[in-house]
1. With θ set to phi - 60° and the Karplus curve 6.51 cos²θ - 1.76 cosθ + 1.60, what are the ³J(HN,Hα) couplings of the range 191-200 in order, to the nearest whole Hz, using x for Gly and Pro?
2. Any idea which of G178, Y118, P51 is furthest toward the positive side of the dipole for the chain, if Lys and Arg beta-carbons carry +1 and Asp and Glu beta-carbons -1?
3. Using Cβ contacts closer than 10 Å as the measure, can you line up K53, K105, K291, K244 from fewest to most?
4. Lysine pairs in the range 56-151 with alpha-carbon atoms under 19 Å apart, 8 or more places apart or on different chains: how many are there?
5. From Cα pairs below 8 angstrom and at least 6 apart in sequence, can you work out the relative contact order of the chain, rounded to a whole percent?
6. How long is the gain from Q69 to K175 if the chain were fully straight, where each residue apart is worth 0.36 nm and the alpha carbon distance is subtracted?
7. Quick one: what are the phi-derived ³J(HN,Hα) couplings along the range 34-51, Karplus 6.51/-1.76/1.60 with θ = phi - 60°, whole Hz, x for glycine and proline?
8. May I ask you to derive the relative contact order of the range 108-254, considering only C-alpha pairs under 8 Å and at least 6 residues apart, and to give it as an integer percent?
Amino acid sequence: MALIKSNVGTSLELVASGKVRELYAIDSKSLLFVATDRISAYDVIMENGIPEKGVLLTLMTAHWFQYLQQQIPGLKTHFVSLSLPSSLPRDVAEQLKGRSMVVRKLKVFPLEAIVRGYITGSAWSSYKKTGEVNGKKMPEGLQESQEFPEPIYTPSTKAELGAHDENITTEQAEKVVGEKYAKQIEQLSLQVYKTARDYAREKGIIIADTKFEFGLDEETDEVVLIDEVLTPDSSRFWPKATYKVGQSQPSFDKQGLRDWLTENGLKGKDGVAMPDDVIEATRSKYLEAFKILTGKSLQESMQNLN
Ligand code: ATP
Ligand code: MG
């Protein structure tokens, strides 16, 4: 059974609920960051979920935080622990286990820090029309799915629930968060993307593009990597084995779901329930990506949790 909404009774105070996650207060400095099994496509949440998807997103994010902190000295993340607060009743703990992360509560920068290594999706549509991506001229003659000579940073605004994010230029991003932080966010996004890209490529996955979020530790004035990172929800993952420039790519992410919605005229509609075959196909793609990137099956990783 997929968990659509966590039921914690009076055990925890809900402070925010996003398309996928529920954030609960632990104390003034920390949050319990819970991933449900909800899935969104084209910014709309489906009625039903993908069983264990929340566990997969949480454990994959934890895997990346650990790897990135080893590789990038000084990188700050919001990750504290995968352990649950010991005060939780057993039934609540059972429900939240594996899908929850204790994180530092931070001031979220209202920016989606998108990095693109390959030209696809909205960047490809824009390039075909204007030769530009986020207002910047790109090299001539790029083909669909081609790798950019260097990864590009294409920030967007972080829209409220129900609204769509809007692409902005790096100059506009500086206006939104201030020049100093905007530069740090850009530099960190590119560095984290490149580190992850090289790791994933070695394992057989191309990270075509991805989205990061950052927060500010107001006590130390440090920019901190927050949210989920480098999951199939926040990234486009392509199998390296079948990669071919000049066409669209099969992928490990929600592309199957997006295609099903488009083919059935359901793109952007509310209240859509996915049929079993779409759930299964999406689930198996997520599980496959997890195994390739972490080296362990989701079952094995869950068993390693205390
Ligand atoms: P989607 O990711 O599908 O676009 P969403 O952006 O609405 O959905 P969720 O992933 O469901 O968000 O929920 C996570 C929310 O928690 C986001 O609004 C994110 O900015 C916020 N968040 C992430 N890390 C922290 C943190 N350390 N402190 C405070 N808020 C955080
Ligand atoms: Mg999110």
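No lab work stands behind these numbers, since they all come straight from the coordinates. On a predicted model such as this, the values are computed, not experimentally measured, just so you know. Every residue, glycine as well, gets a Cβ built from its backbone with ideal geometry; the counts of neighbours run over all protein chains shown.
1. 5, 5, 4, 5, 4, 6, 4, 5, 4, 5
2. Y118
3. Placing the least packed residue first, the sequence is K244, K291, K105, K53.
4. 5
5. With pairs under 8 Å counted, the relative contact order is 20 percent.
6. That works out to 35.2 nm of additional length.
7. Karplus values, whole Hz, x for Gly and Pro: 10, 9, 7, 9, 5, 9, 10, 9, 6, 6, 10, 8, 6, 5, 10, x, 10, x.
8. Worked out over the range 108-254, it gives 27 percent.
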